[in-house]
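Enquirer: This structure is in structure tokens; I'll ask about it shortly.
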Amino acid sequence: MPVSTSSQGAPLWQRRTTRAQWLQFAAWLVGISLFLLCWKVISDNTMWVFVEDAGRQGSDLISRMMPPRWEYANVLWKPMWDTLNIATLGTALGIAMAFPVAFLAARNTTPHPLVRSLALTIIVSSRSINSLIWAMLLVTILGPGVLAGIIAIALRSIGFVGKLLYEAIEEIHPTPVEAISATGASRLQVMNYGVLPQVMPAFAGISVYRWDINIRESTVLGLVGAGGIGLQLNASINSLAWNQVSVIFVMIFATVLVSEWVSARVRHAII
């Protein structure tokens, strides 16, 4: 039964109408039917023999990873450095492109509705394609290597940074902007003294957060030839060198932990 509040603040129970009860019943019926249909489709396309054997296969795979081949870590320092460069340079390039796009997409800073529509299209296009897919396309165009990974990370970062930043711009307090405009300041001066000081903390936090995400994403770009430690991961998996795979996993995990700590400290210092 729905609950409303009386004038004294006490809860007041009200009985649903017959129409509301039927609508709720229909909603539950449709939801359960859709769930059962999806389950049947998944079940029909699943080889349950492999699922039943998954526990044994998983334990066998873990046993092959132990003990890790720690001396292989000496080979991974340069690929890991490439991974960090892909994430850092890709983030910087993405931020540089996302910054003006965000101002063109925000309602209170865009020069024209058509420009805003174009900027939003760029943001949506960037966010709708995963960085791994961007890397596959760029490896085909530019060839394998770090450059494809950097551009893939940058193209993916435009949508993330642009969306969060233009939302922050739209939520700024209008009073400073109106006060500066009342002095006869130009549009550029209003932007410089009224808008930027309000959005820069959010912009810095968004940028560091995106860099932290890109550290994770750049570790797998090598699976499609876009450079970084993913190349060694792919090679080790293909050669069934599972004791090397475990070393790569440990190094990726340690790198992500350090990047998480660094981004948290930087965000705390800025915000």
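Enquirer: Looking at the structure I just gave you, is Trp134 crowded, with 18+ Cβ neighbours inside 10 Å, free of Cβ contacts under 8 Å to residues at least 24 places away in the same chain, under 30 Å from Leu257 (Cβ atoms) and not hydroxyl-bearing (Ser, Thr, Tyr)? Lay out the reasoning, then the answer.
Expert: Working: crowded, with 18+ Cβ neighbours inside 10 Å: yes; free of Cβ contacts under 8 Å to residues at least 24 places away in the same chain: yes; under 30 Å from Leu257 (Cβ atoms): yes; not hydroxyl-bearing (Ser, Thr, Tyr): yes.
For Trp134, the condition - crowded, with 18+ Cβ neighbours inside 10 Å, free of Cβ contacts under 8 Å to residues at least 24 places away in the same chain, under 30 Å from Leu257 (Cβ atoms) and not hydroxyl-bearing (Ser, Thr, Tyr) - is met.
Enquirer: Residue check: is Val256 surrounded by fewer than 20 Cβ atoms within 10 Å (Cβ to Cβ) and within 27 Å of Leu138 (Cβ to Cβ)?
Expert: On the way: surrounded by fewer than 20 Cβ atoms within 10 Å (Cβ to Cβ): yes; within 27 Å of Leu138 (Cβ to Cβ): yes.
So Val256 passes the test.
Enquirer: Would you please name the residue that is farthest from the chain's Cα centre (by Cα), looking only at residues in the range 197-221 that are open to solvent by less than 40 Å² (accessible area, probe 1.4 Å) and farther than 16 Å from Ser263 by Cβ?
Expert: Filtering first and then ranking leaves Val199.
Enquirer: Can you find a residue in the range 61-84 that is assigned to a helix (DSSP H, G or I), of a type in the set (Phe, Trp, Tyr) and touching a helix residue (DSSP H, G or I) at 6+ places or on another chain (Cβ under 8 Å)?
Expert: Going through the range 61-84, the residues assigned to a helix (DSSP H, G or I) turn out to be 61-65, 70-84.
Narrowing further to those that are of a type in the set (Phe, Trp, Tyr): 70, 72, 77, 81.
Applying the additional criterion that residues be touching a helix residue (DSSP H, G or I) at 6+ places or on another chain (Cβ under 8 Å) yields 70, 72.
Among the residues of the range 61-84, at least one is assigned to a helix (DSSP H, G or I), of a type in the set (Phe, Trp, Tyr) and touching a helix residue (DSSP H, G or I) at 6+ places or on another chain (Cβ under 8 Å), which makes the answer yes.
Enquirer: Condition first: under 12 Å from Leu76 (Cβ atoms) and within 23 Å of the chain's Cα centre (by Cα). Now tell me which residues in the range 233-255 satisfy that.
Expert: Leu233, Ile248, Phe249, Val250, Met251, Ile252, Ala254, Thr255
Enquirer: I'm trying to understand the selection: among the residues of the range 66-94, which are open to solvent by 30 Å² or more (accessible area, probe 1.4 Å) and under 30 Å from the mean Cα position of the chain (by Cα)?
Expert: Within the range 66-94, Val75, Trp77, Lys78, Trp81, Asp82, Leu84, Asn85, Thr88, Leu89, Ala92, Leu93 meet the criteria.
Enquirer: A follow-up question, please. Hey, among the residues in the range 157-175 that are open to solvent by 50 Å² or more (accessible area, probe 1.4 Å) and part of a helix (DSSP H, G or I), which one's farthest from Thr219 (Cα to Cα)? Step through it out loud before you land on a result.
Expert: Going through the range 157-175, the residues open to solvent by 50 Å² or more (accessible area, probe 1.4 Å) turn out to be 163-164, 167, 170-171, 173-175.
Next cut, part of a helix (DSSP H, G or I) only: 163-164, 167, 170, 174-175.
Numbers: Lys163: 24, Leu164: 24, Glu167: 29, Glu170: 34, Pro174: 42, Thr175: 45 Å.
Taking the candidates together, the pick is Thr175.
Enquirer: Right, another one. Taking Ala119, is it more than 30 Å from Asn234 (Cβ to Cβ), free of Cβ contacts under 8 Å to residues at least 24 places away in the same chain and either touching a Gly at 6+ places or on another chain (Cβ under 8 Å) or of a type in the set (Asp, Glu) (or both)?
Expert: Spelling it out, it is not the case that Ala119 is more than 30 Å from Asn234 (Cβ to Cβ), free of Cβ contacts under 8 Å to residues at least 24 places away in the same chain and either touching a Gly at 6+ places or on another chain (Cβ under 8 Å) or of a type in the set (Asp, Glu) (or both).
Enquirer: Identify the single condition in (1) loosely packed, with under 14 Cβ neighbours inside 10 Å; (2) over 30 Å from Glu170 (Cα atoms) that Met251 does not satisfy, given that it satisfies every other one.
Expert: All conditions are met except number (1).
Enquirer: Also, I was wondering about something else. From the list Ala154, Ala179, which residue is part of a helix (DSSP H, G or I), in contact (Cβ under 8 Å) with a residue 40 or more places away in the chain and either over 21 Å from the mean Cα position of the chain (by Cα) or buried (at least 23 other Cβ atoms within 10 Å of the Cβ) (or both)? Before the answer, list the steps.
Expert: Details: Ala179 fails: in contact (Cβ under 8 Å) with a residue 40 or more places away in the chain.
Exactly one residue qualifies, and that residue is Ala154.
Enquirer: What are the residues in the range 107-128 that are part of a loop (DSSP other than H, G, I, E, B) and open to solvent by less than 50 Å² (accessible area, probe 1.4 Å), if any? Talk me through it step by step, then tell me what you get.
Expert: From the range 107-128, those part of a loop (DSSP other than H, G, I, E, B) are 107-112; that's our starting set.
Selection gives Thr109, Thr110.
Enquirer: Another question, then. Output the residue which, of all residues in the range 110-130 that are of a type in the set (S, T, N, Q) and at pLDDT below 90, is farthest from the chain's Cα centre (by Cα). Explain how you work it out, then say what you get.
Expert: So the first thing to find is which residues in the range 110-130 are of a type in the set (S, T, N, Q), and the list is 110, 117, 121, 125-126, 128, 130.
Now narrow it down to the ones that are at pLDDT below 90: 110, 125-126, 128, 130.
Details: Thr110: 25, Ser125: 14, Ser126: 11, Ser128: 11, Asn130: 9 Å.
Filtering the range 110-130 for residues that are of a type in the set (S, T, N, Q) and at pLDDT below 90, the one farthest from the chain's Cα centre (by Cα) comes out as Thr110.
Enquirer: Next question. Which is in a helix (DSSP H, G or I) and touching a Leu at 6+ places or on another chain (Cβ under 9 Å), of Val258, Val247?
Expert: Values: Val258 fails: touching a Leu at 6+ places or on another chain (Cβ under 9 Å).
On inspection, the qualifying residue turns out to be Val247.
Enquirer: With the requirement that a residue be closer than 23 Å to Gly145 by Cα and among the aromatic types (Phe, Trp, Tyr), what does the range 220-252 give you?
Expert: Matches in the range 220-252: Phe249 only.
The values are calculated or read from the model by the stated rules, or taken from the named source; none is laboratory data. Since this is a predicted model, take the numbers as computed values, not measurements. So basically every Cβ, Gly included, is an ideal-geometry build from the backbone, and we count neighbours across all protein chains shown. When the accessible area is computed, the model is the full protein with side chains, heavy atoms only, and any ligands, DNA or RNA have been set aside. Shrake-Rupley method; radii C 1.70, N 1.55, O 1.52, S 1.80 Å.
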